[in-house]
Every structure is written in structure tokens, then in C-alpha cells.
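Everything below concerns the one structure shown next.
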Amino acid sequence: MVEESNHENRGATGMNNSTSLARVIVRQIIEAGITDVVVSPGSRNAPLSLAFFAASKRGLIKLHVRIDERTAAFFALGVIKATGRPVPIVCTSGTAVANYHPAVLEASHTNAPLLVLTADRPAILRKTGANQTTEQARIYGKAVRYFADIDGPVFPMELPFDSLRSGPVHLNVQFDEPMLPDDSEKWLDEIVISAKVFENRTKPSTLKSDANRGVLVIGHDRGGLSVESVRKFAKELGWPIIAEDPLSFPDAVAHASIFLTSAQIRAALIPQTAIVIGRTTLSRSINTFLKLAPTQIVIDPRMATVDSDRHADKRFTQLPVLNTHKASPEWLEQWDKYALRCAKSIDALTGFSEAVIAKEIAANLPEGSTLFVSSSRPIRDLEGFATPRSGVTTHANRGLAGIDGNISTALGIALASKQTFAVLGDLSFLHDLTGLIHREEINCTFIVINNDGGGIFSTLPQRGVDGFESVFGTPHGLDPAAIAKAMGISATTISSVDELKKTLKAPVKGISIVVANVPSRDENADSLKAIYESMNSI
Ligand SMILES: Cc1ncc(C[n+]2csc(CCOP(=O)(O)OP(=O)(O)O)c2C)c(N)n1
Ligand SMILES: [Mg+2]
């Protein structure tokens with residue numbers, strides 16, 4: 001059996017190798033202009049944890065600590081979303097590394113610059129039965145843009161910041177004993193910050209189209225392109241806009257995902273060309289509509305990384321220069337006509353249903369606020385029932401649409417935003433309760449749409465199959481407000497639009513949970529069906 005070495009493991013600097021290596025890494029991270037790091041407790045990552053802690057004491061980086069690595073990684077994703085800067089995450093060896101995997105996948109599918117630093121024992125201990133030692137090298141497979149297995153005495157090394165421009169990077173860092181520093185913090189005096197730009201910049205190509213009955217469809221995360229750049233593109237194009245996120249595009253056609261459920265309306269609105277920015281993952285109606293377009297043009301930076309086999313008549317990995325015709329006024333009017341008629345029936349909806357809640361949240365979010373919205377029904381209800389507007393910055397985890405890590409992502413966003421609201425389904429909330437365990441001052445109001453299970457499944461073909469409630473609906477019978485209170489977090493329950501409006505007007509101070517108890521999942525699915533069916537006669 002190979003024993004861990006106890007020899008004095010020192011490099012030319014006099015400092016032990018593990019501490020020197022950790023300092024080289026931390027120094028480069030800070031010098032690149034990275035401002036936040038998320039650390040989880042453990043022994044093997046001590047060199048990195050202590051180096052980051054020392055740097056944070058000097059105000060060189062903000063240190064966030066999370067005991068749950070899954071939470072830690074999703075929190076980092078939230079910080080990335082809000083700041084646009086890479087965020088390193090640091091954990092010990094063993095299962096801790098695997099707990100990062102969900103967020104690494106989400107980062108991979110959104111090209112997010114997550115810098116994963118996993119501590120490991122020296123490679124010589126692999127396959128020897130040594131404690132907390134497993135195959136960490138390449139554990140995330142193709143989900144990372146760059147991987148390196150870094151050995152103690154490798155100096156000097158340069159961190160692969162360039163790879164972070166297109167997604168997550170994994171550095172597995174082997175640390176040998178001793179791992180604690182035994183000198184001063186003088187190394188911090190030598191740090192000089194020279195912030196790097198983490199955006200890809202290449203020359204755009206040209207999109208040529210003769211269509212005057214075109215349509216622009218914008219996926220919720222815009223393929224990672226900024227709202228400003230897509231707004232500018234959309235304005236120049238002058239085509240009707242279908243936006244999965246109507247809170248980012250005030251000029252979008254309202255309620256398109258609802259009125260396009262009607263086959264008659266789809267047939268009346270067949271475009272010559274559809275330009276799709278990002279991916280459309282929310283509504284069948286829009287995807288069915290898109291299939292009617294004889295020409296489809298896709299703009300999505302992810303085709304350069306994870307979605308390389310995506311099919312389209314023309315493909316662009318960044319916003320192209322336009323050589324197109326503006327839409328004819330008749331074509332624009334036709335879209336507006338259906339939007340208006342649909343808005344009338346949506347305005348007539350009453351009660352405290354999921355649809356009404358989405359409509360009211362969209363209308364009453366304060367100017368300048370930030371919204372995180374979970375997958376499943378909440379994001380689809382906002383897509384369908386919100387009246388398009390500006391003044392709100394929205395985020396969601398649309399890379400893989402997981403219901404995991406949602407509390408953490410929202411808190412990461414809230415950390416770097418002024419006033420944040422997070423709208424989560426009850427299962428998405430329960431899935432990430434450890435996200436609430438931290439000691440930071442973060443301002444975020446969570447609105448939990450509680451339908452006691454996965455409401456979306458009642459809107460899908462499996463509704464009513466034998467075992468539906470057991471394997472799809474999954475009611476839990478828990479009160480999210482009581483759970484939050486048990487964790488020392490303020491929580492209330494609401495059951496009217498007035499209370500919801502008050503929630504949205506109240507100052508966002510600290511973390512609070514507002515649970516909206518809504519009609520049953522069955523009732524909700526029935527009323528959605530009725531709304532869709534009514535579209536045939538608008
Ligand atoms: C990590 C993960 N597990 C499972 C799923 C599949 N899934 C999609 S929606 C959903 C139910 C979500 O329930 P809730 O958050 O309460 O939202 P609702 O459907 O009630 O609107 C599940 C389990 C997923 N997307 N991600
Ligand atoms: Mg639910």
C-alpha cells in the first residue's frame with residue numbers, strides 16, 4: 001500500500017508546494033479581475049481555501065462559503081449570470097466533486113464561465129484504497145471546455161482563462177502534505193489586478209433575406225446573447241417578435257404561445273422565414289408553428305460548443321449583420337390583431353390561478369428589479385400570460401431546465417442585483433432547500449407557487465395514467481412556509497391578487513418566502529385547456 005508522503009514538500013520559494021501552487025492559482029484568478037469565489041469546507045482543499053480567505057480579508061475577492069457543493073456551484077452560476085464574470089468554485093476530494101456535476105452541466109449548456117477547482121490527493125494514491133480518493137480526472141467528461149490534472153511541483157502555470165470564454169473549465173489540483181502555510185501573507189502585496197474581458201469577439205457575417213413575412217423568435221436565454229444586443233438586432237430587423245421572455249422584449253407580440261395553440265391561427269400566420277435566436281424550449285405551440293416556416297435561420301453561440309449538430313437552413317454563432325427587408329405593415333397588423341384579441345380573454349381571467357399570478361407578477365414587478373424564474377409551469381405561465389414590458393432583468397436556468405439548484409441560482413443573482421424576486425414551483429423550492437443555508441446578507445423575495453407537486457405533468461399526455469400521482473404528480477403535503485420558518489427565514493402565505501401586489505411592492509430586505517397556495521393541479525390543467533380551446537374562436 002502506498003502511504004501518503006510526509007516528506008517536506010518544498011519548492012524553490014521555501015514555501016511548501018501545496019501552498020505555493022494554491023497561491024499561484026489564487027493570484028492569477030484575482031489578477032484576471034475575478035471578484036467572487038465559492039468555497040465548500042474540506043481538508044484537501046485547505047491550500048486554496050486558506051489562500052482565498054487571506055485574499056478576501058484584504059478585500060481582493062469576495063469569499064462565499066456553502067456547505068453543500070451542489071448549492072455552491074449553482075450559487076456561483078447565479079453570480080455569473082448577474083455579473084458576467086467567471087466564478088471559481090473550490091471543493092475537497094471525493095463525492096464533493098460529483099455534487100458539482102449538475103451545475104457544470106447547466107454551465108456547459110449555457111456556455112457559462114464556471115471555473116471548477118477540485119482538490120485531489122496526489123495521483124500516486126489513486127486506486128490504492130486511500131480515503132476520499134477516486135477518479136476525479138475528466139469526471140465531467142465533455143461538459144467542460146478544458147481539463148487539467150495539476151500536480152504539486154508544476155510551476156509556473158498559466159490558468160486557461162481563454163477556455164472560460166466558451167464555458168466551464170475543470171482544474172483538478174493535487175495537493176500533498178503539508179498543506180498549511182507557514183509564513184506571512186506577503187504574497188498578497190504583489191497582486192496587480194488587470195481585468196480580462198471574457199467575451200468572444202469575432203467578425204460577424206451577413207444574413208440576407210428577401211422575406212417580408214418573416215418572424216423573429218427569441219428563446220428565453222437568447223443563446224446567452226445580451227438583451228441589449230438582441231433588442232438592437234430585433235429593431236433593425238423590424239419583423240414581428242415572439243419572445244419566450246416577454247419581460248425582456250417590450251415590443252414582442254403579446255401572448256403568442258397562447259394564441260398559436262390554435263391550428264387555424266397558425267395557418268393564418270405561416271411565415272416565409274423564421275429567425276430563431278437561441279432555443280425555443282417552452283411551448284409546443286411555438287415549436288409546431290416554427291415547423292411551418294419553409295426557411296429557418298438559427299442564431300445561437302452554442303452551435304460552436306454543445307449544439308454542434310443543430311439543424312437549420314442557415315446557422316450563425318453570433319448576431320449577423322442584416323441585409324433584409326422590414327416586414328410589411330399588413331403582416332405586422334395581422335399579428336397585432338391576434339395579440340389584442342387574446343389579451344382581451346386573458347384580461348378577463350379571474351381568481352387566484354397560476355395564470356393570473358403570472359400575469360400580475362409580470363405587471364407589478366417594480367422598475368429596475370431582477371427576476372429569477374424556475375422551470376416547469378412558472379416560466380411557461382410568464383411566457384404566455386405576461387404583457388411584454390421593459391424595466392425588469394430576467395434570468396432562468398434554461399441550459400438543461402433542471403428544477404435543481406434554483407434557490408441557489410436565485411441567491412447568486414440576488415447577491416449582485418438590487419432587488420430580486422424569484423418565482424419557483426413548490427418542487428423546485430423543496431429540491432434546493434440547502435441553498436438557504438448561508439450567513440450572508442442577500443436580498444431576495446421568493447414567491448413559491450404551491451400546487452403540491454409537479455403541476456406541469458397534468459398538462460402533458462400522461463395525465464390520468466395509472467400511477468400518475470405516484471410517479472408524476474408527487475404531492476408532498478408539506479408547507480414551504482413552515483419549512484422556511486424552521487430555518488429561521490421569514491415566511492408568509494398568500495391567497496389573493498391583492499396580497500400578491502403587496503408582496504411585489506414591499507421592499508426586498510433579506511430573504512423572505514411568500515407561498516402562494518393555488519387551485520389544484522387538475523383544475524389548473526383544465527383551465528389552461530379551456531383557454532387554449534377558446535383561441536379557436538377569437
Ligand atoms: C433535476 C430535475 N429533475 C426532474 C426534472 C423533471 N421535472 C420537470 S418539471 C418537474 C416538476 C416541477 O414541479 P414544480 O417546481 O412544483 O413546478 P410545477 O410543475 O408545479 O409548475 C419535474 C420533476 C427536472 N426538470 N429537473
Ligand atoms: Mg408545483
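The values are calculated or read from the model by the stated rules, or taken from the named source; none is laboratory data. Predicted model only: the values in this text are computed from it and were never measured. Cβ: placed from backbone, ideal geometry, glycine included. Neighbour counts: every protein chain shown. When the accessible area is computed, the model is the full protein with side chains, heavy atoms only, and any ligands, DNA or RNA have been set aside. Shrake-Rupley method; radii C 1.70, N 1.55, O 1.52, S 1.80 Å.
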How much length would be gained if the chain were fully extended between R284 and S194, taking 0.36 nm per residue of separation minus their Cα-Cα distance, in nm to one decimal? 27.7 nm
Heavy-atom SASA rank of R121, R231 (probe 1.4 Å, accessible area, largest first): R231, R121
In whole percent, the fraction of accessible protein surface over the chain that belongs to carbon or sulfur atoms, probe radius 1.4 Å, stands at 52
I'd like the accessible area for T317: 1.4 Å probe, protein heavy atoms, all chains in place, Å² to the nearest 10. 70
What ratio of Cα Rg to 2.2 N^0.38 Å holds for segment 214-278? 1.08
With runs of 4+ DSSP H residues as the only contributors, calculate the mean residue ellipticity of the chain at 222 nm using -39,500 (n - 2.57) per run, divided by the residue total and rounded to the nearest 500. -9000 deg cm²/dmol
Accessible area of the chain divided out per residue, in Å², using a probe of 1.4 angstrom: 41
Pull up all non-local amide H partners of S490: gap of 5 or more, or a different chain, and H-to-H distance under 5 Å with H placed in the peptide plane. I513
For labels at K291 and D479 in the simple 7 Å Cα→Cβ model, what's the distance in nm? 4.7
Of E228, E106, E499, ordered by accessible area with the largest first and a 1.4 Å probe, the sequence is E228, E499, E106
Just grab the label-to-label distance for S537 and D313, each label 7 Å out from Cα along the Cβ direction, in nm (one decimal). 3.7
With all protein chains in place and a 1.4 Å probe, Y140 shows an accessible area in Å² (nearest 10) of 10
Under 8 Å for C-alpha pairs, at least 6 residues apart: give me the relative contact order for the chain, rounded to a whole percent. 14
Rounded to the nearest 0.05, FRET efficiency between S470 and R341 (Cβ-Cβ, R0 45 Å) equals 0.65
Counting every C-alpha pair in segment 336-492, the percent lying more than 19 Å apart is 58
Under a plain spin-label model, where a point goes 7 Å from the Cα along Cα-to-Cβ, how far apart in nm are T134 and L400? 1.5
Using a 1.4 angstrom probe with every protein chain in place, what is the largest-first accessible-area order of H311, H255? H311, H255
Area accessible to solvent at S470, 1.4 Å probe radius, in Å²: 90
Counted charge near Q272, where neighbours are those whose Cβ lies closer than 10 Å (Asp, Glu -1; Lys, Arg +1): 0
